[in-house]
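Asker: Structure incoming, see below.
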Amino acid sequence: MSQARIAVLASGRGSNLRALIGAIEAGRLPAQVVGVFSDKPDAAVLQQVPPALRWSAKPANFDSREAYEQALGDAIEAARPDWIVCAGYMRILGDALVQRFAGRMLNIHPSLLPRHRGLRTHAAALAAGDAEHGCSVHFVIPELDAGTVIAQARLAVAPDDTPESLAARVLAMEHRLLPAVLQLAVSGRLAERDGTACVDGQPMFTPLTLDSHDRLMP
């Protein structure tokens, strides 16, 4: 059986990409990374794959957002991915690009969605007095951070937590959650139907939860 093909969109250091590559190398994730795509040509994430798998372009060099996303979408399509993962890609994706890969595009977000969409989620969790915080993997739809949540990992907020300490602890959980969800996806067990996440053909009405052994549980 051929390995599943994963494309990754990222703008920064690429620690989640490193987690995916680590899972692949350890034999836990039967897949291959077929392209890394960035809006920042100097992003460190690009250095984690061979030059042939890198694509980057500054959106400012295009006549419009639509032109940039057409080029990005064409580059992704050329890599023939089965799944597209947004892992720290710091631009809002336009409707046309999202619809082009509907049902195949995932995002990892540093909060327990639907709480705290967008940026600065750790500060928002502290300001809200949340007892729990964490991360979510969801299907991407045109509305920001609003797609169906597939799975989450949770942690208790400590009395002395700061945005920085929460960010570090949540990031470590992202590195466990994302490979676990991709394992489900590349095995053919995950799908989106009519706005609902389905596992083994059955709709999920609540997100899966990552346990201490990195298993996804109902």
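Asker: Against the definition (of a type in the set (Val, Ile, Thr), modelled with pLDDT of 95 or more and more than 16 Å from residue 108 (Cα to Cα)), how does residue 49 come out, yes or no?
Answerer: Details: of a type in the set (Val, Ile, Thr): yes; modelled with pLDDT of 95 or more: yes; more than 16 Å from residue 108 (Cα to Cα): yes.
Here the answer is yes, as residue 49 does meet what is asked.
Asker: Still on this structure, please answer the following. Within region 85-112, track down each residue that is surrounded by 17 or more Cβ atoms within 10 Å (Cβ to Cβ), assigned to a helix (DSSP H, G or I) and among the aliphatic types (A, V, I, L, M).
Answerer: 97, 98
Asker: It is to be established whether one or more residues within region 16-35 are of a type outside the set (Asp, Glu), within 18 Å of residue 97 (Cα to Cα) and in a strand (DSSP E or B).
Answerer: Of all residues in region 16-35, those of a type outside the set (Asp, Glu) come to 16-24, 26-35.
If we keep only those that are within 18 Å of residue 97 (Cα to Cα) as well, we get 35.
From the residues that got through so far, the ones that are in a strand (DSSP E or B) too are 35.
Yes: one or more hits.
Asker: Here's a follow-up. Which residue pairs have Cβ atoms under 6 Å apart, sit 6 or more places apart or on different chains, and have a first residue in region 194-218 that is in contact (Cβ under 8 Å) with a residue 24 or more places away in the chain and a second that is of a type in the set (A, V, I, L, M, F, W, C) and part of a loop (DSSP other than H, G, I, E, B)?
Answerer: 197/204
Asker: Please verify whether region 28-36 includes one or more residues that are at pLDDT 95 or above, surrounded by fewer than 17 Cβ atoms within 10 Å (Cβ to Cβ), aliphatic (A, V, I, L, M) and farther than 25 Å from residue 170 by Cβ.
Answerer: No, every residue in region 28-36 fails to be at pLDDT 95 or above, surrounded by fewer than 17 Cβ atoms within 10 Å (Cβ to Cβ), aliphatic (A, V, I, L, M) and farther than 25 Å from residue 170 by Cβ.
Asker: Okay, next question. Give me a count of the residues in region 38-61 that are surrounded by fewer than 16 Cβ atoms within 10 Å (Cβ to Cβ), of a type in the set (A, V, I, L, M) and closer than 16 Å to residue 76 by Cα.
Answerer: Within region 38-61, residues that are surrounded by fewer than 16 Cβ atoms within 10 Å (Cβ to Cβ), of a type in the set (A, V, I, L, M) and closer than 16 Å to residue 76 by Cα number 1.
Asker: Which pairs have Cβ atoms under 7 Å, sit 6 or more apart or on different chains, and link a residue in region 158-175 that is on the phi < 0 side of the Ramachandran plot and modelled with pLDDT under 95 to one that is in a helix (DSSP H, G or I) and hydroxyl-bearing (Ser, Thr, Tyr)?
Answerer: From residues that are on the phi < 0 side of the Ramachandran plot and modelled with pLDDT under 95, there are no pairs.
Asker: Hand me the list of strands (runs of 3 or more DSSP E) wholly inside region 168-212 holding 2 or more residues that are not hydrophobic (A, V, I, L, M, F, W, C). Even if it seems obvious, please write down each step before you answer.
Answerer: Details: elements: 190-193, 196-199, 208-210.
It comes to 190-193.
Asker: Also, quick follow-up: Please go through region 115-163 and pick out each residue that is surrounded by 14 or more Cβ atoms within 10 Å (Cβ to Cβ), closer than 24 Å to residue 97 by Cβ and charged (D, E, K, R).
Answerer: Matches in region 115-163: 117, 145.
Asker: Anything in region 200-213 that is surrounded by 15 or more Cβ atoms within 10 Å (Cβ to Cβ) and not aliphatic (A, V, I, L, M)? List them, or say none. Show your work before the answer.
Answerer: Here is the first cut: in region 200-213, the ones surrounded by 15 or more Cβ atoms within 10 Å (Cβ to Cβ) are 204, 207-210.
If the condition is that a residue be surrounded by 15 or more Cβ atoms within 10 Å (Cβ to Cβ) and not aliphatic (A, V, I, L, M), then 207, 209 are the ones that fit.
The values are calculated or read from the model by the stated rules, or taken from the named source; none is laboratory data. These figures come from a predicted structure and were not determined experimentally. We place every Cβ from the backbone using ideal geometry, glycine too, and count neighbours over all the protein chains shown.
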